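Here the structure comes first, spelled out in structure tokens, and everything after it is commentary.
The values are calculated or read from the model by the stated rules, or taken from the named source; none is laboratory data. This one's a predicted model, so the numbers in the text were calculated from it and none came from an experiment. Note: ideal-geometry Cβ built from the backbone for every residue, glycine included; neighbour counts use all protein chains shown.
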Amino acid sequence: MGGLDLTLNDRRVGATFNPVDRTNDIEFNRRWGVDSLTGGDEEIREADLRYLPAGGVTVGGSYGRITRGSDLTSVRTAGDVAIQKADLPLVNYSVEHTRSTQTSLDEEDNWVKQRGSVAYAFWNVTPSFSYEGERKEITALDSSTYRDGSLKFDQFGPKLGVKALGPVSLSLEYLWRSDDQATGGALQRQAASFTQVYAGRLAETAHITSTLDVTLSSKKFSDVFKQLGNADIQTVLVRSQSRYSPLNRGVDADVYYEVATERTSKLEQIFVHVAPGTGNYTYLGDLNHNGIADPDEFVPARFDGDYITITVPTDAMYPIIDLKTSMRVRFTPSRFLGRGEGFWGGALSAISTETYARIDEKSSEHDLKQIYLLNLKHFLQDSTTLTGTQLLTQDVYLFEGKTLYSARLRFSQTRGLTNFAGGLEHAYGRERSLRLRWQLVPEISNQLDYVNKIDRVFSDEISTRIHDILSNEVSFDVSYRPETRLELGMKFDLAKSVDSFQVPALGAALNAQSVRLVYAFQGAGQARVEGSREEERLGGTPASFPYELTGGRVAGKTWTWRLGFDYRVTQFVQASATYDGRTEGGAPPVHTARAEVRAFF
């Protein structure tokens, strides 16, 4: 006779019950066609019957009813069949009908959902066909006129998958879809869509792995809905990721590429007030006396910031193309040369390099191929770019990973453009740095850094963010670790910065010293004590200067001290406490203390 499975469920919830957490699954309202939050005694009764006439074959059906007081009633019936048996086509089909009435809204919903697919695999080929459709009718209790929210759609199409063509697998799918929506009290054709989906996979072979997914879609609206402001949509989605790692991973290259067409809006910066000390901006006040908190009246804050910035979309929508691509190439000769033979072999084995490039661009360029074919002349353009960034980083390592001595040389350059609702903002940054590390004895390690940096932001609008800073910084960090759990460290910093945007140019010089003591509770936490002295000297007495010129430090001497403690009492209980103190430019000391205990359940 086969197998039989019967499930009955009954649940009653009183009108006065208030749960401490969500008691319904996230699809509850959609499953029952419930849009009202009206209270009342709620009862749900469900029955589900499954019949298994043979192995791999399942036929099922269910019935459910929900009532909530005298206002809401919903009845749900569903059926499904599944065949997953060798030598037979793979079949799945389900249909669901939900009928609900809500007296308080004078509304009746009639919702039918269907989904099905059939596939048959032979040799290495799997052809299949799928269908999905819904019809949702929302009417008044005593009328057949369709209300807003009523819809109908049908989507169907074939798919072909090919596997085991050596390391290659391919698939293609075509989908046709029609959408109807309620307008003028009736369901009318809204749009017709055609989608093409292509995918390819290359399993690891000859040290290469690669994936490629391409989706092309066109959506054409009917004349009725074009008159309501809709426009035809062409969508291109491409995603590719490849990796090449030959010579025992002595060469390791990754390439990522993603492009999509979409509709988006310009961004607007909004400053939100938060608790003092948790933000990174402060408000200078209504400097222009216009009664509005303008963006240029907020400045970054090193301590006690009480505003944060978020970006929100404006109302106007633009069709754009969004491109993200990056490449990373790492070259490690020691992986295939070993220690190397002779002078050149040893020299090459001591060198390793890493190159990283990334391009992000959201553009309203009409000629899309200029963007997805990476014609950089059309990137970062005032007239078309909404947001864009170009980053290039080149690292050269000497004796990488050696504890006795090692070095790193870095060149990094960034170009950016953001088209805010308030105007354009260009950014440029460049870093050239050298890092030396050595550890002549096991207990003492040293690190020396030299950084030459350009930080430039400019805009057509007047803003406190505009600056053009050239800086040079040298820092030396020495760490003494007599035993694994104890560390004593000292750091010395010297820096000089010049902002050429100021007239005349404004310079700043920094010298700073800091000490730290860290004690680790093995596997449980650590205690940390830090203290620092910073002296910032400005080349003049300006009323204001950019935050980036001094890193937020005030002119004069700044003393800071900090005590920190973190401890894991048990696997589920953690405790932490911090105390921070500072005095800036001779101002009275400011003390801040926090303590926290967290329990995980």
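A few points about this structure:
- Within segment 196-221, the only residue that satisfies the criterion of being buried (at least 16 other Cβ atoms within 10 Å of the Cβ), closer than 20 Å to residue 179 by Cα and among the aliphatic types (A, V, I, L, M) is 197.
- Residue within segment 138-152 that is in a strand (DSSP E or B) and among the aromatic types (Phe, Trp, Tyr) present: no
- Residues of segment 182-195 that are crowded, with 17+ Cβ neighbours inside 10 Å, small (Gly, Ala, Ser) and over 24 Å from residue 129 (Cα atoms): 182 alone.
- Test: residue 224 is of a type outside the set (D, E, K, R) and closer than 30 Å to residue 110 by Cα: yes
- Taking segment 384-415 as the range and being more than 30 Å from residue 439 (Cβ to Cβ), in a strand (DSSP E or B) and without any contact (Cβ under 8 Å) to a residue 40 or more places away in the chain as the test, the residues that pass are 385, 388, 389, 390, 391, 392, 413, 414, 415.
- Members of segment 583-592 that are assigned to a strand (DSSP E or B) and touching a Gly at 6+ places or on another chain (Cβ under 9 Å): 584, 590, 591, 592
- Note on segment 270-321: residues that are among the β-branched types (Val, Ile, Thr), in contact (Cβ under 8 Å) with a residue 40 or more places away in the chain and under 24 Å from residue 589 (Cβ atoms) total 1.
- All conditions but one from (1) without any contact (Cβ under 8 Å) to a residue 40 or more places away in the chain; (2) over 26 Å from residue 138 (Cβ atoms) apply to residue 2; the one that does not is (1).
- Members of segment 418-452 that are in contact (Cβ under 8 Å) with a residue 60 or more places away in the chain and hydroxyl-bearing (Ser, Thr, Tyr): 418
- Scan of segment 498-513 for residues that are within 20 Å of residue 532 (Cα to Cα) and buried (at least 16 other Cβ atoms within 10 Å of the Cβ), ordered by number: 508, 510, 512
- Single residue of 310, 321 found to be in a strand (DSSP E or B) and crowded, with 18+ Cβ neighbours inside 10 Å: 321
- Only one of the listed residues (356, 318) is at pLDDT 90 or above and either under 30 Å from residue 583 (Cβ atoms) or of a type in the set (Phe, Trp, Tyr) (or both). That residue is 356.
- Residue in segment 282-306 that is nearest to residue 552 (Cα to Cα), counting only those that are in contact with a helix residue (DSSP H, G or I) (Cβ under 6 Å, 6 or more places away or on another chain) and outside any strand (DSSP E or B): 284
Results for (1) in a loop (DSSP other than H, G, I, E, B); (2) surrounded by fewer than 17 Cβ atoms within 10 Å (Cβ to Cβ), shown as yes or no for each residue.
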residue	(1), (2)
450	no, yes
477	no, no
480	no, yes
496	no, yes
535	no, yes
540	yes, yes
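- Among residues that are touching a His at 6+ places or on another chain (Cβ under 9 Å), among the aliphatic types (A, V, I, L, M) and not in a helix (DSSP H, G or I), residue 380 is included.
- Residue that is surrounded by the fewest Cβ atoms within 10 Å (Cβ to Cβ), among those in segment 456-470 that are outside any loop (DSSP other than H, G, I, E, B) and out of contact with any Leu (no Cβ under 8 Å at 6 or more places or on another chain): 458
- Exactly one residue out of 577, 524 is closer than 30 Å to residue 445 by Cα, small (Gly, Ala, Ser) and surrounded by 15 or more Cβ atoms within 10 Å (Cβ to Cβ): that is 577.
- Looking at 247, 228, just one residue is part of a loop (DSSP other than H, G, I, E, B), farther than 29 Å from residue 180 by Cα and modelled with pLDDT under 90, and that residue is 247.
- Consider segment 542-582 and keep the residues that are aliphatic (A, V, I, L, M) and not in a helix (DSSP H, G or I). The one that is nearest to residue 505 (Cα to Cα) is 543.
- Conditions (1) of a type in the set (D, E, K, R); (2) under 33 Å from the mean Cα position of the chain (by Cα); (3) at pLDDT 95 or above: number failed by residue 460: (3)
- Selection status of residue 34, hydrophobic (A, V, I, L, M, F, W, C) and either modelled with pLDDT of 90 or more or farther than 18 Å from residue 107 by Cα (or both): no
- Hits in segment 32-83 (condition: of a type in the set (Asp, Glu), surrounded by fewer than 16 Cβ atoms within 10 Å (Cβ to Cβ), part of a strand (DSSP E or B) and out of contact with any Ser or Thr (no Cβ under 6 Å at 6 or more places or on another chain)): 46
- Filter result for residue 179 (of a type outside the set (Val, Ile, Thr), crowded, with 16+ Cβ neighbours inside 10 Å, on the phi < 0 side of the Ramachandran plot and part of a strand (DSSP E or B)): yes
- Flag for residue 189 being basic (Lys, Arg) and modelled with pLDDT of 95 or more: no
- Hits in segment 84-93 - residues which are in a strand (DSSP E or B) and surrounded by fewer than 16 Cβ atoms within 10 Å (Cβ to Cβ): 93
- Of the criteria (1) surrounded by fewer than 17 Cβ atoms within 10 Å (Cβ to Cβ); (2) at negative phi, which one residue 164 fails: (2)
- Any hit, segment 432-452, residues being more than 20 Å from residue 497 (Cβ to Cβ) and within 30 Å of the chain's Cα centre (by Cα): no
- Residue that is over 24 Å from residue 448 (Cα atoms) and either within 36 Å of the chain's Cα centre (by Cα) or touching a residue at least 40 places away in the same chain (Cβ under 8 Å) (or both), where the choices are 543, 520: 520
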